[in-house]
Amino acid sequence: MDKVNILGVKVDMVGIDEAADKIMEFLDEDKVHAVFTPNSEIIMRAYRDAEFCKLLNGADLLTADGIGVVYASRILKKPINERAAGYDIARKVLKKMNDTGHKLFLFGGKPGVAEEAKEKLLIDYPNLNIVGTRNGYFKSEEESEIVEEINSSGADMLFVCLGAPKQEEWINRNKENLKVRAALGIGGSLDVFAGRVERAPEIFCKLGLEWFYRLLKEPWRIGRMMDLPKFAVTVLLHGKKYKQD
Ligand code: UDP
């Protein structure tokens, strides 16, 4: 797969459909695959933290979540066609899993959210094989018990929704002990599946203004969002220094 090196993070040049197909292929391979969907905030974190950058690049699939990352790929002359957000990829994967019968475990969110998401998902995908749920609030000493719960459910696919960078770090830390074939770090997706959080209306997404919609709805994100302009400036000033393969 072609990749674009954005400030050290090697993002796969795939859209939503290609990413979902790739993830379905992972389910047939006998190893744990990590899938992350970095946005500009996450890439800025990786830019500042070499260890985190290495963690991201160790993933089996990295997709461009956010219009900022798509623009960065254009500036670097390796354009990614579309934004491939975790939520959208997950929807495609769920549709496919509804036919294949693969087993899914939902991990993350406040108590009750994963169960609510399960109920709602079964309305849209009645054959979906959801074999377990677990909220995302735990002490570090409970971690091995959570891994055990996931493994004994027999899940092939794991959605990890702890927000970034928690979910990426959790997957990386537990990869060796997990038996699932694919672990997807997909942020607040369970909240959306559960109907607790609404996605930005289509028009905001089309115009590349989803960040603005989120800012209106969740103004406390302003601090984190300041990374978006910083990201743009950093890519413009330093992006070309990174070697493209
Ligand atoms: N969350 C969690 N455990 C934690 C912290 C957060 O399960 O220790 C959940 C939280 O309930 C929410 C999601 O992680 O469902 C984070 O969502 P957000 O939209 O902030 O994700 P991001 O934008 O960081 O990807």
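The values are calculated or read from the model by the stated rules, or taken from the named source; none is laboratory data. Just so we're clear, the structure is a prediction, and the values are computed from it rather than from any experiment. As a convention, Cβ positions derive from the backbone with ideal geometry for all residues, glycine included, and neighbour counts pool all protein chains shown. Only protein heavy atoms, including side chains, enter the accessible area calculation; ligands, DNA and RNA are left aside. Shrake-Rupley method; radii C 1.70, N 1.55, O 1.52, S 1.80 Å.
Accessible area, 1.4 Å probe, largest first: how do Trp170, Trp220, Trp211 sort?
Working: Trp170 0, Trp220 185, Trp211 100 Å².
Descending order: Trp220, Trp211, Trp170.
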### Debye, to nearest 20: dipole size of region 1-135, +1 on Lys, Arg Cβ, -1 on Asp, Glu Cβ
400
### Query
Residues in region 161-176 near a label at Arg48, defined as backbone nitrogen under 16 Å from the 7 Å Cα→Cβ point?
164-166
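Go ahead and run the numbers for FRET between Arg74 and Leu216, Cβ-Cβ distance against an R0 of 22 Å, rounding to 0.05. Mind dumping the intermediate values first?
Details: r = 26 Å, r/R0 = 1.20.
Working from the Cβ atoms, E equals 0.25.
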### Query
Counting Lys and Arg as +1 and Asp and Glu as -1, what is the net charge of the other residues whose Cβ lies under 9 Å from the Cβ of Ile150?
0
### Message
Helix check for the chain. Which DSSP H runs span at least 18 Å along their own axis by Cα, with a mean Kyte-Doolittle hydropathy no less than 0.5?
### Response
none
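Using the alpha carbons of the chain, what is the convex hull volume per residue in cubic angstrom, as a whole number? Could the numbers behind the result be given before it?
Numbers: hull volume 30.1 nm³, N = 245.
It is 123 Å³ per residue.
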## Note on the structure
Quick calc, region 1-69, dipole around Cα centre from Cβ unit charges on Lys, Arg (+) and Asp, Glu (-), nearest 20 debye, gives 460
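I want to verify the translational diffusion coefficient of region 37-163 in µm²/s; compute it with Stokes-Einstein, Rh as the Kirkwood radius over Cα pairs, at 20 °C and 1.002 mPa s. Walk me through the numbers before you get to the answer.
Numbers: Rh = 16.4 Å.
Roughly 131 µm²/s, to the nearest whole number.
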### Message
Placing unit charges on C-beta atoms (Lys and Arg positive, Asp and Glu negative, everything else neutral), compute the dipole magnitude of region 152-216 about its Cα centre in debye, rounded to 20.
### Response
100
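By accessible area of protein heavy atoms, probe 1.4 Å, what ranking do Glu41, Glu141 get, highest first?
On the way: Glu41 45, Glu141 135 Å².
Ranked list, largest accessible area first: Glu141, Glu41.
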### Query
Which whole-angstrom value gives the distance between the alpha carbon centres of region 1-41 and region 202-229?
24
### Task
Note down the nm distance, to one decimal, between modelled labels 7 Å out along Cα→Cβ at Asp99 and at Asn151.
3.3
### Query
Looking only at Lys54, Lys103, Lys179, which one moves most when the chain is put into a Gaussian network model with springs between Cα atoms under 10 Å?
Lys54
### In Å², nearest 10: area of Leu215 left accessible to a 1.4 Å probe
40
### Task
Mind giving me the nanometre distance, one decimal, between the label points for Asp245 and Lys166, set 7 Å out from Cα along Cα→Cβ?
3.3
### Query
Taking the simple approach of a point 7 Å from Cα along Cα-to-Cβ for both Glu29 and Asn81, what is their distance in nm?
2.1
### Query
Which of the listed residues, Leu162, Leu207, Gly187, is farthest toward the dipole's positive end in the chain, when Lys, Arg count +1 and Asp, Glu count -1 at the beta-carbon?
Leu207
### Query
From the residues Met97, Tyr87, Ile6, which one has its Cα farthest along the dipole of the chain in the positive direction, the dipole being from +1 and -1 charges on Cβ of Lys/Arg and Asp/Glu about the Cα centre?
Ile6
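In the structure shown, do any of Lys10/Lys175; Lys110/Lys217; Lys96/Lys166; Lys22/Lys139; Lys10/Lys110 have a Cα-Cα gap over 22 Å, and if so which? Intermediate values should be presented prior to the final figure.
On the way: Lys10/Lys175 20 Å; Lys110/Lys217 19 Å; Lys96/Lys166 27 Å; Lys22/Lys139 33 Å; Lys10/Lys110 32 Å.
Long pairs (Cα-Cα over 22 Å): Lys96/Lys166; Lys22/Lys139; Lys10/Lys110.
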### Task
Could you order Asp99, Asp65, Asp124, Asp49 by accessible surface area, starting with the largest, using a probe radius of 1.4 Å?
Asp99, Asp124, Asp49, Asp65
### Query
Which one of Leu61, Ile42, Gly109 is farthest out on the positive end of the charge dipole of region 1-159, using unit charges on Cβ (Lys, Arg +1; Asp, Glu -1) and the Cα centre as origin?
Ile42
### Query
What is the Rg over Rh value, at two decimals, for region 130-197, using alpha-carbon atoms and the Kirkwood definition of Rh?
0.93
### Summary
Rounded to the nearest 500, the 222 nm mean residue ellipticity computed for the chain from DSSP H runs (n ≥ 4, each -39500 (n - 2.57)) alone is -13500 deg cm²/dmol
